[in-house]
Each structure stands twice: as structure tokens, then as C-alpha cells.
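Some notes on the structure that comes next.
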There are 2 protein chains.
Amino acid sequence: MATPQAQSSPRAPRNNRATAVHLRLRKEIVSGLFPQGSALAEPTLAEHFHTSRAPVREALIALEREGLVTFEKTGRTRVRTIAAKDLREIMEARAALESMAARLANWNWTTADTDFVAKNIEQQTKAGSFAELSRLDMDLHHYVVTCSGNLRLLQLWEPLRWQYEAYLVEIFKRRSADYYRPETETVLAHRKLLQVLSSGTPAEAAQVMMDHVLFNMSWAD
Amino acid sequence: MATPQAQSSPRAPRNNRATAVHLRLRKEIVSGLFPQGSALAEPTLAEHFHTSRAPVREALIALEREGLVTFEKTGRTRVRTIAAKDLREIMEARAALESMAARLANWNWTTADTDFVAKNIEQQTKAGSFAELSRLDMDLHHYVVTCSGNLRLLQLWEPLRWQYEAYLVEIFKRRSADYYRPETETVLAHRKLLQVLSSGTPAEAAQVMMDHVLFNMSWAD
DNA sequence: GCGTTTTAAAGTGTCGACACTTCTTAGGCC
DNA sequence: GGCCTAAGAAGTGTCGACACTTTAAAACGC
């Protein structure tokens, strides 16, 4: 079955403060609490998380490899700014990974998978805000990548997700009210996607996902 | 031009002992000095690299995110074992990324790029060993990914490269002498690849690369 | 001799310390 | 006032220390 489950080395995260700080700090960056470009000093963060510098340092290293923070030549750490040029890179990489994921997910798609995705799309039609629609959108894409059964695909994809979400929050800050994602087009694209995932060929699923992700690049910049 | 160069945030690596240990330890793992599954104790490594535990710890975190080492639930660190199931995941992910890279590299391919790849293929025909052919092969694929101009594609691809090379070293240990990669087929596939990269359409380049990488999966297991 | 329990060795998680570097700000000079 | 300089503050890189946990070995009983 394609239903989400680990297939290879299950990557058990260490159960220490470093991973806790990692997850909390990531959430705070992606949610926009730390604006892009702001400095992340280890002593300050250590105090913020009521711990010492060591766990903070480890978390920063992980976040750097996720592309959410950058180390400057001087050693200082900043929240990475994700510009339009970066968005292009992100979406191209997403298209590559998710297209393959759709191909694999199609291979043994189940009716349970169809139910999950259909329910998600149904919720999209009722979404009241840009943020909610985006959350449902990412949930859906995450589900497909998970359904690929390829854990490495998922691990490569996740950093792109965080970077994309960080980008969305930033443009949402700027255009706030007068900005709306074209809901109907999104829903239509997802319906098409579900159709090929459940009853199309693997090649069709890959192609539809590729076009869908690359098309999303155009309205998000 | 598609010639290798940084396009987005240039990811300046920190100039500290942690990165030095990271690079050295990665080389030693990929070269097979530390066999798969062997324990990596921080104090031992610290002594090995003539430093303290802190830089070693940072390096291990980076290597874990590259998929070369794993952290057990008890906290111990081991060199990750890459089995046939993992190879499948690796090659599927490689196919996804490299296919997109070929598509982008084709977009503004130059004669200089053709020269580089042609020279590489020429060397492949003269390769005297499995190891040398594999090195040339990875150099070629690395070049194409770099030519995509998408730095994120490259950063996602690199860990797959290390994992793949670690796998190759392991199977080479076992089958040592009586194992040879089908050289002529590899060279022919690469000639076809060069042809579509230089004078085919982006879609053709993507398709040829996809087939080439996925086909490689079959002989390497 | 074999299995169980106790004890020592080894390893990780976290912390504070300190040297060195980088940034900031206050002071002096014109 | 504007610019350069020089303390001072803040931050990073690295280390050793120590508590706690896990592993390994030795001791013990049978």
C-alpha cells in the first residue's frame, strides 16, 4: 500500500535538547517570528530556550543544512532571506522530487489514499483564508511524497517545504490583505492530480505533478 | 552560460575545525576506511583528529543529515549501512534531481560544456579500473547538476552522491576482483546523454537522464 | 561450565570558561 | 557637524568537566 509508513532506516531523531531547540526554532522561523535576515546569536537563543549554547549550536547547524539560516564568513548566523530567485530554485527542486514521488505513489495507490486526498480538496473549497489554503496545499503535497514510500525523497523534500513556507509568510507580510491565492485554480489542479494518481499511468501522474508545481511558481512571486 | 558557477546564496562554509573534521571524516567513510556499521565514538574520533569533542560532534550532526551516519536510540553513532533497498531509494532520488538538472542544463548549454563532457567520456573509454570509471561517471553527473545553475538541486544531490559512493565501495569490497561495470554500455549511454544535452530539447535531455540513472540501478545491486 | 548479578569502563548530554574575533559606540580631531 | 580612532561590548570557536546512561567485563553462585 502507498499509505504513509517508513520503509528504510527510520531516522530516529536524538531525544535531546538540541532537537527540541531545532524543532521550536524552525517553527518560529517559518511562522515569521524571526524575520528574514535577523541575527541569531547563540547566547540570546540559549537564554530564549532556557538552555546553554551547546544545544543551540547543534540546532543551528541542522537549520543551516535545511536552508533556513545562513552562516556568514564572520561566523555570525542569520535567518536566511529567500528572494524570488530562491523561489525559482525551490520550485524547480520541488517539481523534480514531487514528480518522481507522484510516479511512485501512483504505483500502488489505494482507495484510502483517494479518500484522504479527496477530503483535503473538499476542505480547500471551504478554506477561508490564504494561510489555511496554503496549509492544506502543503499537507496534500506532503502526503503524496510520503506515499511514494521513498524515505529519502521525503527527507530531501522537507527542507524545501520549510523554505517555501518561510517565503510565503514573508510575502504575506508585505501584501497582507489585498493578496489572494487563486483558489479555484488550485482546487481544479488538485482534482486533476487526484484523478491521475488514482487512475492514470505513472508517467501521467509524474507529468501532471511536474506541471502543477512549476505553474505554482508563477503566481507566488 | 551553463558553466558551473554559484547563482544564489553561496553557502560559505564555516572555516572552523568542525568543517575540517566533517570533510575528512566523510572522505574516510566514503573511501571505506570506516566500514559500514562500525561505531563512531566521539572521544575516539576527537583523538583521531587531534581535537576536542565539540568539533567532532558538529561534524557528526552534519554527516547524519547527509545520510552517512545514523544515531541510535541510545545516542551512539554508527556508520550507516546502505543496503540494496537503500540503493533503490538513492537512485530514484538521483533520477528525479538529475533529470531536472539535465532539463535546466540543456537550456543554455555551451560548447565549453560539450568539450568538458566529451573529454570526460573519452577518458572513460581508457579507464583501467572499476574505481576510475566510477569516479569519471560521478564527475560527469556532478558536472551536469552544477550546469543546471540551481544551487539547491546541487545541495540536495550531493548527499546522494556520498551515499552512492559508500555503497559502491562496499560492494566492491565483497565482489572485488570478479566484478566489472559494463564499460561500453556506460560510455554509450553517456554519449547519448551528451547528444541530447547539446542539441536535443529540454524534455529529451530530462528523459534520457532519467532512463540512464534508473537503468544504472539495475547493475549496481 | 553456564547463567546471573555486580562493578568498572566507556560514551553521551550539557554546561561554564576563556581566548580570540567582530561589531558598536563613545570620544577626539578637524 | 562629519570622520577617524579607540576602548568596550557582544559573539564565536574550542576546550575540559561532570552527571547520567549504556555497554562491557568480572565476580559469583550453582
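Site pair A:R53 and B:L23 shows an inter-label distance of 2.4 nm when each label is modelled 7 Å from Cα along Cα→Cβ. Within the set A:K73/B:K27; B:K27/B:K119; A:K119/B:K73; A:K27/A:K126, which residue pairs have Cα atoms separated by over 28 Å? Over 28 Å apart, Cα to Cα: A:K119/B:K73.
Placing pseudo-labels 7 Å out from each Cα toward the beta carbon at B:N15 and A:E204 gives an inter-label distance of 5.7 nm. Computing FRET efficiency as 1/(1 + (r/R0)^6) for A:R135 and B:Q123, where r is the C-beta to C-beta distance and R0 is 60 Å, gives about 0.75. Rounded to the nearest 10 square angstrom, A:T70 shows an accessible area of 40 square angstrom against a 1.4 Å probe.
Each residue of region A:185-200 was assigned a 3J(HN,Hα) from its phi angle through the Karplus curve 6.51 cos²θ - 1.76 cosθ + 1.60 (θ = phi - 60°); the sequence is 4, 4, 5, 4, 4, 5, 5, 4, 4, 4, 4, 6, 5, 8, 9, x Hz, with glycine and proline shown as x. For region A:42-53, putting each phi into the Karplus relation 6.51 cos²θ - 1.76 cosθ + 1.60 with θ = phi - 60° gives couplings of 4, x, 4, 5, 4, 5, 4, 9, 6, 8, 9, 6 Hz, in residue order, rounded to whole numbers and with x for Gly and Pro. Computed from the C-beta positions of B:E72 and A:D211, the FRET efficiency with R₀ = 51 Å rounds to 0.75.
The peptide list A:43-51, B:77-85, put in order of mean Cβ contacts within 10 Å with the highest first, becomes B:77-85, A:43-51.
Amide H contacts of B:I82 (H built 1.01 Å from N, in plane; Pro and chain starts excluded): no residue 5 or more places away or on another chain comes under 5 Å.
Have a look at region A:142-171 and report residues whose accessible surface goes down by 30 Å² or more when the remaining protein chains are included, against the chain on its own, probe 1.4 Å, ligands and DNA/RNA excluded. The answer is A:N150, A:R152, A:L156.
Put the Cα centre of region A:189-221 next to the Cα centre of region B:34-103 and the gap is 33 Å. From helices alone, the protein assembly as shown scores -23000 deg cm²/dmol at 222 nm; the rule is -39500 (n - 2.57) for each run of n ≥ 4 DSSP H residues, then divide by the residue total. Spin-label pair B:A84-A:K85: with each label point 7 Å from Cα along the Cα-Cβ axis, the two points sit 4.6 nm from one another.
The values are calculated or read from the model by the stated rules, or taken from the named source; none is laboratory data. Values in this document were obtained by computation on a predicted structure and should not be read as measured data. Positions of Cβ are backbone-derived with ideal geometry, glycine not excepted, and every protein chain shown enters the neighbour counts. SASA here: full protein model, heavy atoms, side chains in, ligands and nucleic acids out. Shrake-Rupley method; radii C 1.70, N 1.55, O 1.52, S 1.80 Å.
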